[in-house]
Amino acid sequence: MYGMVNKAIEEMVCKHHGKPAWEQIKERAGVDVPMFVSNEGYEDAITYQLVTAASELTGAPASQILEAFGEHWILHTAREGYGDLMDAGGDNLPQFLKNLPNFHTRVIMMFPNLQPPQFEVSEVKDHSLHLHYRTHRPGLESFVVGLLKGLGKLFQTPVQTRLIESRSAGADHDVFLVEW
């Protein structure tokens, strides 16, 4: 993953728990990187280790940490770092979700070595859709739930999300029912 992901985790931890908690998380995770560089690549294992250490330190399940991080990513990291791209995605939640498959296509132009997830929408109705999520990275379903909650807050639209097909249950990708 690019350093921007780990920097965003650091930002979220420091905002809610302070810099000493971040240093404890890094130590517990065995991460000795003094500072993450946004556009530099890091092993995915580092990110997973940071989440595990944050879970151990706070007592919150990793799924809760990932969900909070997904929401933080939308409301802070993406808004601040990719405001124009976010604005180009649509004026409301349904529009943004329908355009989500194109989002990472634009991000890849900025980060050519990025291995982003793929999103696809189906079953589009007036107040719901199915969001298909494909990634080579396991265990990030809660992060996607947090992203969707963050998008709901961003567009001031209450959103409910339910995982209806899961890789962990044998499906070839995750599918979320998103209702607003």
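The values are calculated or read from the model by the stated rules, or taken from the named source; none is laboratory data. Keep in mind that what you see is a predicted model, and the values were worked out from it rather than measured. Cβ coordinates were reconstructed from backbone atoms using ideal geometry, including for glycine residues, and neighbour counts include every protein chain displayed.
Screening the candidates PHE96, PHE111, PHE119 for the property of being of a type in the set (A, V, I, L, M, F, W, C) and within 13 Å of the chain's Cα centre (by Cα) yields one hit, PHE119.
In region 10-103, which helices (runs of 4 or more DSSP H) lie fully inside it and hold 2 or more residues that are buried (at least 19 other Cβ atoms within 10 Å of the Cβ)? Before the answer, list the steps.
Working: elements: 19-29, 44-58, 62-72, 83-88.
Of the helices (runs of 4 or more DSSP H) lying wholly inside region 10-103, those with at least 2 residues that are buried (at least 19 other Cβ atoms within 10 Å of the Cβ) span 19-29, 44-58, 62-72.
When LEU129, LEU163, LEU147, LEU154 are screened for being out of contact with any Asp or Glu (no Cβ under 8 Å at 6 or more places or on another chain) and surrounded by 13 or more Cβ atoms within 10 Å (Cβ to Cβ), only LEU154 passes. Of these, THR52, THR58, which one is polar (S, T, N, Q) and without any contact (Cβ under 8 Å) to a residue 24 or more places away in the chain? Matching residue, one of THR52, THR58: THR52.
Can you confirm whether SER122 is in a strand (DSSP E or B) and either of a type in the set (Gly, Ala, Ser) or over 17 Å from ILE164 (Cα atoms) (or both)?
When the stated conditions are applied, SER122 passes them.
The residue list PHE176, PHE143 contains one member that is aromatic (Phe, Trp, Tyr) and either part of a loop (DSSP other than H, G, I, E, B) or farther than 22 Å from VAL51 by Cα (or both), which is PHE176. When GLY70 is tested against the conditions (1) at pLDDT 95 or above; (2) under 12 Å from LEU154 (Cα atoms), the lone failure is (2). If the condition is being of a type outside the set (Phe, Trp, Tyr) and surrounded by 14 or more Cβ atoms within 10 Å (Cβ to Cβ), then region 167-180 contributes ARG167, HIS173, ASP174, VAL175, LEU177, VAL178.
What do you reckon, is MET109 buried (at least 16 other Cβ atoms within 10 Å of the Cβ) and either touching a helix residue (DSSP H, G or I) at 6+ places or on another chain (Cβ under 7 Å) or assigned to a helix (DSSP H, G or I) (or both)? Criteria not met by MET109.
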